[in-house]
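Visitor: Below is a structure I'd like to ask you about.
Where a number appears in this text, it was derived from the coordinates with a stated rule and is not lab data. This is a predicted model, so every value here is computed, not measured. No Cβ is skipped: glycine too gets one built from the backbone with ideal geometry, and neighbour counts run over all protein chains shown.
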Amino acid sequence: MIEFHKVYKNFGKLEVLKGIDLNIEKGQVVTLIGPSGSGKSTILRCMNLLERPTSGTVIIDGQDITKPKVDIQDVRKNIGMVFQHFNLFPHKTVMENMTYAPIKVNKLSKADAETKALELLKRVGLVEKTDVYPGKLSGGQKQRIAIARALAMEPQIMLFDEPTSALDPEMVKEVLKVIQDLSHTGITMVLVTHEMGFAREVSDRICFIDDGQILEDASPDEFFQHPKTERAQAFLEKVL
Ligand code: ADP
Ligand code: MG
């Protein structure tokens, strides 16, 4: 579903990704772990062309998205992304947030988009918030809406970049629960998180990123019990 071949990314003189090779199968849940500034967000952002690799190829569902003439909107339709900050439209109600892109981009009728939205709001436990504006929601609720909104586009891939890092501690669990439920649905997920216990539980694979490279790519048990590199050992000692 997602393939990276020798992906490099520079920002000016700064080399941020140094030859990333990655192959994520359909339905897999892969978590990127590593120190701040190691390139995790840049890897995610190369998956939906928020960043364009300096060299190398990224193939999504068989399509080389690094070719010059690729329709970026078309690629992104298939890939939901949830960030640390929720990015809801503040002047739209929850329902309007949920239905905006499905109507505009996927050409759903308003009625169909609303039916779908209600289903998803039920799934994230927020169906009673349909007519509320984001300003009236807690951080955890906003993030659950952001996830539901991304799912309304029926993406094949979901990317999560530190989805709980900006939340008060008591709201972290409700958001992780939604992501965990999602992990059982067969959708392909790539996640960046500092929640190590959660990463261990939810992931099929852990990729340890350091200084723009994948230093380890292993099952969660293998990675957390027997990290192979000194860098990963040192990192885990600090965070566990
Ligand atoms: P992580 O998500 O692992 O913390 P990032 O992928 O955000 O790391 O960043 C990796 C490196 O690239 C950092 O040194 C960061 O400052 C730099 N970087 C990220 N985005 C940009 C940008 N748009 N312009 C310049 N430097 C950037
Ligand atoms: Mg980041």
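Visitor: Starting from the 7 Å offset along Cα-to-Cβ, what nm value, one decimal, do you get for the label separation of Val70 and Lys26?
Guide: It is 1.8 nm.
Visitor: Of Val7, Tyr100, Ile147, which is farthest along the charge dipole of the chain in the positive direction, counting Lys and Arg as +1 and Asp and Glu as -1 at C-beta?
Guide: Looking along the dipole axis, the top candidate is Tyr100.
Visitor: Mind listing the phi-derived Karplus ³J(HN,Hα) values for region 189-206, rounded to whole Hz, using 6.51, -1.76 and 1.60 with θ = phi - 60°, and x for any glycine or proline?
Guide: Along region 189-206, the couplings run 10, 10, 10, 10, 8, 9, 7, 5, x, 5, 4, 5, 6, 8, 8, 7, 9, 10 Hz.
Visitor: Separate question: List, in order, the whole-Hz ³J(HN,Hα) value for each residue of region 69-85 obtained from phi through the Karplus relation with A = 6.51, B = -1.76, C = 1.60 and θ = phi - 60°; use x for Gly and Pro.
Guide: For region 69-85, the Karplus-derived couplings read 8, 5, 7, 4, 4, 5, 5, 5, 4, 8, 10, x, 9, 10, 9, 4, 9 Hz, x marking Gly and Pro.
Visitor: Let me ask something else about it. If we count other beta carbons within 10 Å of each Cβ, what is the order of Val94, Val75, fewest first?
Guide: Working: Val94 26, Val75 17.
Ordered from fewest to most neighbouring Cβ atoms within 10 Å, Val94, Val75 come out as Val75, Val94.
Visitor: Using helices alone, I'd like the mean residue ellipticity at 222 nm for the chain: each DSSP H run of four-plus residues gives -39500 (n - 2.57), total over residue count, nearest 500. Before the final figure, lay out the partial values.
Guide: On the way: 9 runs with 90 residues, N = 240.
Helix contribution divided over all residues of the chain: -11000 deg cm²/dmol.
Visitor: If you don't mind, another one. Using each residue's phi in region 223-231, evaluate 6.51 cos²θ - 1.76 cosθ + 1.60 at θ = phi - 60° and report the 3J(HN,Hα) Karplus result to the nearest Hz, with x for Gly and Pro.
Guide: Running phi through 6.51 cos²θ - 1.76 cosθ + 1.60 with θ = phi - 60° gives 5, 6, 8, 9, x, 7, 9, 5, 4 Hz.
Visitor: Turning to a different aspect of this structure: Taking amide hydrogens as modeled 1.01 Å from N in the peptide plane, which residues meet the under 5 Å criterion relative to Asp217, leaving out close sequence neighbours?
Guide: Phe208
Visitor: Right, another one. Could you calculate the FRET efficiency of Ala234 with His184 from 1/(1 + (r/R0)^6), where r is the beta carbon distance between them and R0 is 45 Å, rounded to 0.05? Spell out each step's value before the answer.
Guide: Values: r = 33 Å, r/R0 = 0.74.
It comes to 0.85.
Visitor: What angle, in degrees between 0 and 90 and rounded to the nearest 10, separates the Cα long axis of helix 110-123 from the longest principal axis of the Cα atoms of the chain?
Guide: Helix 110-123 and the main axis of the chain meet at about 60 degrees.
Visitor: Roughly how big is the chain's charge dipole about its Cα centre, with Cβ charges of +1 (Lys, Arg) and -1 (Asp, Glu), in debye to the nearest 20? Before the final figure, lay out the partial values.
Guide: Numbers: 31 positive and 33 negative charges, 170 e Å.
Once rounded to the nearest 20, the dipole reads 820 debye.
Visitor: Just from the alpha-carbon atoms, what are the Rg and Dmax of the chain in angstroms?
Guide: When restricted to Cα atoms, the chain yields Rg and Dmax of 18.0, 55 Å.
Visitor: Work through the residues other than Val29 whose Cβ is under 9 Å from its Cβ and net out their charges, Lys, Arg +1 and Asp, Glu -1.
Guide: Neighbourhood net charge equals 0.
Visitor: Pairs Lys67/Lys129; Lys13/Lys107; Lys110/Lys177; Lys92/Lys177: which exceed 32 Å Cα-Cα? Before the final figure, lay out the partial values.
Guide: Numbers: Lys67/Lys129 42 Å; Lys13/Lys107 42 Å; Lys110/Lys177 29 Å; Lys92/Lys177 26 Å.
Among Lys67/Lys129; Lys13/Lys107; Lys110/Lys177; Lys92/Lys177, the Cα-Cα distance tops 32 Å for Lys67/Lys129; Lys13/Lys107.
Visitor: Only sites in a loop by DSSP and with at most 13 other Cβ atoms within 10 Å count here; which trypsin sites (Lys or Arg not before Pro) in region 1-109 make the cut? Show your work: numbers first, answer last.
Guide: Values: sites: Lys6, Lys9, Lys13, Lys18, Lys26, Lys40, Arg45, Lys69, Arg76, Lys77, Lys92, Lys104, Lys107; in loops: Lys13, Lys26, Lys69, Lys92, Lys107.
Here the sparse-neighbourhood loop sites are Lys13, Lys26, Lys69, Lys107.
Visitor: What is the spread of the Cα atoms of region 21-163 along each of their three principal axes, largest first, in whole Å?
Guide: Extents along the principal axes: 45, 35, 27 Å.
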